[in-house]
Amino acid sequence: MPLQMISAVSNSSLLQPGFSLLNFDGHVFFFGQKGWPKRSCPTGVFLLDIKQNELKMKPAFFSKDSCYLPPLRYPALCTLRSDAKPDEYQYIIHGGKTPNNDLSDKIYFMSLVSKNSKKMVLRCIEKDLGGDVPEARYGHTINVVHSRGKSMSVIFGGRSYTPLAQRTTEKWNSVVDCLPCVFLVDFEFGCCTSYILPELQDGLSFHVSIARDDTIYILGGHSLQNNTRWPNLYKLKVDLPLGSPAVTCTILPGGISVSSAIVTQIGDTEFVLVGGYHSDNQKRLVCNTIVLEDSKIEIAERASPEWTPDIKHCRMWFGCDMGKGSVLLGIPGANKQLISDANYFYILRCKGAEEDKEEELTTQICSQTSSEDPGDSTPFEDSEEFCFSAEANSFDLDDADTYNEDDEEDESETGYWITCSASCNIDINSWVPFYSTELNKPAMILCSSGAGHWVHAQCMDLSETMLLRLSEANVKYFCNKHIDLNKGLQTPQKVVHLKKQPMKPPRKKKTMKLATSTKKSFLRRLFE
């Protein structure tokens, strides 16, 4: 399996753990970008253009009747083929995490509506569901099963936030495993039905699921409750008679202890399992071949590619299935904690040279392909007004269709993700808002010691009331390290002297002044 390194020209900061790829007729589209979309690509969906080992992104166009698809990370994804036209298919997207860490319970259908030499137009439609609707989640899987001429989707696993009634102040945004329920979704009538199976005792997330006909195989996964990656292998069989559906589960031997693995299809019944984790700090560098035949599954180890030293020694990796037997892999750069966009990318081609051709993909596959860090978050970015292809003609594909990262804000040097102190625990991959005033970045405050340096308010154990008071008051603040040396220092307030207007004396009554001659005449007459 050849491994090819590619260089991202100007857009690597958008490809972060949790992204997804859609393959329409050999054209690969990317969604689930870092942050909210901006003016450069208001739809948030990009066409990946890989030429001469260079990766470029071109904004995708949507039809006028499309709904908005938010940049969801860790959603469940699978394909649904048309019964009338097997060549036509659409993607089903469910759940996921938004850039401000809200979880989605919505379900979308993405399809290709037109294609020419200049541009490709997509359509995104949101579906309304009723009945036992699955709660908002991420890190789960969705598949399509076919039985007795009918088709239904199956949703299983994932993580969600702790229910409101069970939350505490200390663990307000903590996540838990979703209940191990199996959801059948009938898109024809828009209804959901949940099933509780005795074989499924623990919740799973970031597992792999492969579906063929009426059977789904669930492999691996991570359980938060036990913090384990058991070598699980479940077989779900769905029967769709005229009456109520029937769902059964069988536990099979020969599973693999892995989470966040990537699955790509290389044949009608053959798949390749790549990547993932054995444990929190141990990547899985072994690859496997999975064959589905006659209601059976066979898993065998296969030759792994020659991993580069960077891949072998990095702490984490992420990626997604590109379709047609290819996988896009990404690893952080050397400064992964400080510079979020320092990523390197590779394309792993799992097919042989003689097998690298277009073929029908009749089997549905779904795999969670990203790092399963539940706290991975991306900075919140203010978005412009969203628009679709009503104004799409204003773009010239030959001149202005390549995404230009220079149009975005450079967040790699803002200093929000620094290590502010010895006890600092703020990490870009796990941070969630702590104060009600935080949206996209952690609150920081300036320590006035020496030349001054910035520290995270959360690391300084500042209450929200104190943080607001310090932001409004004209005082110097000193962090926990320098508080003893500078305790009590305060900037004196500038006294503004007001000019006082002198008060006017009360007006005196006017008196008639008698002339001196008049007074003498008056006195002379008085004594005569």
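Can you flag which of Lys51/Lys324; Lys324/Lys351; Lys237/Lys324; Lys51/Lys119; Lys85/Lys351 are past 20 Å Cα-Cα?
Working: Lys51/Lys324 17 Å; Lys324/Lys351 8 Å; Lys237/Lys324 27 Å; Lys51/Lys119 17 Å; Lys85/Lys351 27 Å.
Violating the 20 Å limit, Cα to Cα: Lys237/Lys324; Lys85/Lys351.
For segment 444-484, state the semi-axes of the equivalent ellipsoid (square roots of 5 times the eigenvalues of the alpha-carbon gyration tensor), sorted largest first and rounded to whole angstrom. Don't jump to the answer; show the numbers that get you there.
Numbers: eigenvalues 48, 28, 15 Å².
Each semi-axis is the square root of five times an eigenvalue, giving 16, 12, 9 Å.
Rounded to the nearest whole Å², what accessible area per residue is found for segment 3-352 with the 1.4 Å probe?
It amounts to 40 Å² per residue over segment 3-352.
So what is Rg over Rh here for segment 25-111, counting just Cα atoms and using Kirkwood for Rh?
Rg/Rh for segment 25-111 comes to 0.98.
Need the C-alpha centroid separation for segment 42-90 versus segment 166-201, integer Å.
27
Which of the peptides 263-275, 69-81, 282-294 is most tightly packed, and how do the rest follow, going by the mean number of other Cβ atoms within 10 Å of each residue?
Those peptides, ordered most packed to least, come out 69-81, 263-275, 282-294.
The values are calculated or read from the model by the stated rules, or taken from the named source; none is laboratory data. Because the structure is a prediction, the values reported are computed rather than measured. Backbone-built Cβ (ideal geometry, glycine too); neighbour counts: all protein chains shown. Keep in mind that these areas ignore ligands, DNA and RNA; they rest on the heavy atoms of the full protein, side chains included. Shrake-Rupley method; radii C 1.70, N 1.55, O 1.52, S 1.80 Å.
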